[in-house]
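Trainee: Structure incoming, see below.
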Amino acid sequence: MSALRPQPRPGVLDIDPYVPGKSTAPGVARVFKLSSNETPLGPSPKALAAYRAVADHLQDYPDGAATALREAIGRAFGLDPNRIVCGAGSDDLLNLLADAYLRDGDEAIHTTHGFLVYPIATLGSGAKPIVAPEKDHTADVDNILGKVTERTKVVFLANPNNPTGTYVPFDEVKRLQKGLPPHVLLVLDAAYAEYVRRNDYEAGIELVATSENVVMCRTFSKIYGLAAIRLGWMYGPAHVVEAINRIRGPFNVNGPAIAAGIAAIEDAAHQERSREHNTEWLEWLTEEIAKLGLHVTPSAANFVLIHFPHDKGRTAAEANAFLMKRGLILRQVGAYKLPHALRMSVGIEEANRLVVKALAEFLGKSK
Ligand SMILES: Cc1ncc(COP(=O)(O)O)c(C=O)c1O
């Protein structure tokens, strides 16, 4: 290795940079962005008002411990605020966890179509990402346990997962935790937990409370509609919280985010409206797209994964181009090893209907 210029840690240059969902379509004035799983209903008006009020105090540092926000989260979920750490999005927390618990030679496991930040954070820490195969686009506990070696330090599990929308029932998550050596940290990433309507699902709170090696990450970017201001939180055992508090930026959460986050988490009615909208349209989209003859992976989140045929004229790439021309921006998921699928976030009614209509036209099935 040349010593003639600074060198990043091994692994850093192996990272494929994360490519966010597109937000513009060339030559189209009116677009519907359905590419990043944002909420179509936007944030609570109370969160917006709280955000604006902070504009009068931009010269002041925020509370570095985000105490009032941790207390609001604690009240909403019945948790001890001392066991919560806030971050600039859950991405921040996922990277901090990798930074604190992984080093050169270690291994971190994620599943085939797991969220892309896991291999990025793993490689960035000098460790090796290990891929556990999924079954039916769903994480499989035995396959994850089968990948554990003496070098394994972290297991990342998105539940529900992005981009598949599938989830692992609580009994299976418990079996995973029981099967892991006690020094392996299980990171349960529950970014879409608020949308899940299944009685065998648990986001992670119970496992964190009853074990020493589980953390749960949550985000304000999805149902709370605050993706732009970057806000997430984690709940973990005291020893993990202490480690993350030592390495996080002293002011890693900004003042407007703290204010908006508190108002958002306290507006249960707005969350319920967003949840109801999602439940209704997730079901509708799943059914209507399936009627067109396309397979849709059953989703517990706020998006659907649509699988396309491989034959020319009907592929995912061609469908994507067709939809883009009409201002309907979905997400290509080749980077997730799903080159024949597109991911669509649940949108407002108009967007959902337009996508189904356009897909029917694309497949030559419009009435
Ligand atoms: C599974 C999963 N985890 C974490 C995140 C990151 O969320 P944040 O905006 O809080 O960084 C996302 C965003 O798409 C996600 O899908």
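The values are calculated or read from the model by the stated rules, or taken from the named source; none is laboratory data. No experiment lies behind these values; they were computed from the predicted model shown. For neighbour counting, all protein chains shown are included, and Cβ atoms are generated from backbone atoms with ideal geometry for every residue, glycine included.
Trainee: For region 186-198, enumerate the residues that are farther than 16 Å from GLU172 by Cβ, among the charged types (D, E, K, R) and within 15 Å of the ligand (Cβ to nearest atom).
Mentor: Of everything in region 186-198, just one residue is farther than 16 Å from GLU172 by Cβ, among the charged types (D, E, K, R) and within 15 Å of the ligand (Cβ to nearest atom), namely GLU194.
Trainee: How many of the residues making up region 132-147 are of a type outside the set (Ser, Thr, Tyr) and out of contact with any helix residue (DSSP H, G or I) (no Cβ under 8 Å at 6 or more places or on another chain)? Don't jump to the end; show me each part of the working.
Mentor: The initial filter retains those residues of region 132-147 that are of a type outside the set (Ser, Thr, Tyr), namely 132-137, 139-147.
Then drop every residue that is not out of contact with any helix residue (DSSP H, G or I) (no Cβ under 8 Å at 6 or more places or on another chain), which leaves 136-137, 139-140, 142-143, 146-147.
Total satisfying the criteria: 8.
Trainee: Those residues that are among the basic types (Lys, Arg) and either in a strand (DSSP E or B) or under 17 Å from LEU93 (Cβ atoms) (or both), I need them from region 110-150; list them, please. So that I can check it myself, show each step before the final result.
Mentor: Filtering region 110-150 down to residues among the basic types (Lys, Arg) leaves 128, 135, 147.
Those that are among the basic types (Lys, Arg) and either in a strand (DSSP E or B) or under 17 Å from LEU93 (Cβ atoms) (or both): LYS128, LYS135.
Trainee: Something else about it: Would you confirm, using the coordinates I've provided, whether VAL184 is buried (at least 22 other Cβ atoms within 10 Å of the Cβ), within 23 Å of LYS147 (Cα to Cα), modelled with pLDDT of 95 or more and over 12 Å from the mean Cα position of the chain (by Cα)?
Mentor: Numbers: buried (at least 22 other Cβ atoms within 10 Å of the Cβ): no; within 23 Å of LYS147 (Cα to Cα): yes; modelled with pLDDT of 95 or more: yes; over 12 Å from the mean Cα position of the chain (by Cα): yes.
So VAL184 does not fit the description; no.
Trainee: Still on this structure: Hey, among ASP171, ASP142, ASP136, which residue is at pLDDT 95 or above, on the phi > 0 side of the Ramachandran plot and surrounded by fewer than 18 Cβ atoms within 10 Å (Cβ to Cβ)?
Mentor: Details: ASP171 fails: on the phi > 0 side of the Ramachandran plot; ASP142 fails: on the phi > 0 side of the Ramachandran plot.
ASP136 is the lone residue from the list that is at pLDDT 95 or above, on the phi > 0 side of the Ramachandran plot and surrounded by fewer than 18 Cβ atoms within 10 Å (Cβ to Cβ).
Trainee: Of all residues in region 199-243, count the ones that are away from the ligand (no atom under 15 Å from the Cβ) and assigned to a helix (DSSP H, G or I). Full working, then the answer.
Mentor: Residues of region 199-243 that are away from the ligand (no atom under 15 Å from the Cβ), as a first pass: 199-200, 202, 205-214, 236-243.
Subset that is assigned to a helix (DSSP H, G or I): 205-210, 238-243.
Matching residues across region 199-243 total 12.
Trainee: What strands (runs of 3 or more DSSP E) completely inside region 303-367 contain at least 1 residues that are under 16 Å from GLU283 (Cα atoms), among the basic types (Lys, Arg) and touching a strand residue (DSSP E or B) at 6+ places or on another chain (Cβ under 9 Å)? First the steps, then the outcome.
Mentor: Details: elements: 303-307, 331-333, 338-345.
Because the criterion is at least 1 residues that are under 16 Å from GLU283 (Cα atoms), among the basic types (Lys, Arg) and touching a strand residue (DSSP E or B) at 6+ places or on another chain (Cβ under 9 Å), the strands (runs of 3 or more DSSP E) in region 303-367 that meet it are 338-345.
Trainee: Residues in region 49-93 that are part of a loop (DSSP other than H, G, I, E, B) and over 24 Å from the mean Cα position of the chain (by Cα): how many?
Mentor: So in region 49-93, the residues part of a loop (DSSP other than H, G, I, E, B) come out as 58-66, 78-80, 88.
Restricting the remaining residues to those that are over 24 Å from the mean Cα position of the chain (by Cα) gives 58-64.
Residues meeting the conditions: 7.
Trainee: Quick one: in region 86-117, of everything that is among the β-branched types (Val, Ile, Thr) and under 19 Å from ARG151 (Cα atoms), which residue is nearest to the ligand (Cβ to nearest atom)?
Mentor: Restricting attention to region 86-117, the residues satisfying the condition of being among the β-branched types (Val, Ile, Thr) are 109, 111-112, 117.
Narrowing the set further to residues that are under 19 Å from ARG151 (Cα atoms) leaves 109, 111.
On the way: ILE109: 15, THR111: 11 Å.
Checked region 86-117; the qualifying residue nearest to the ligand (Cβ to nearest atom) is THR111.
Trainee: Also, I was wondering about something else. Looking only at region 24-56, count how many residues are of a type outside the set (A, V, I, L, M), modelled with pLDDT of 95 or more and exposed (fewer than 13 other Cβ atoms within 10 Å of the Cβ).
Mentor: Final tally of qualifying residues: 2.
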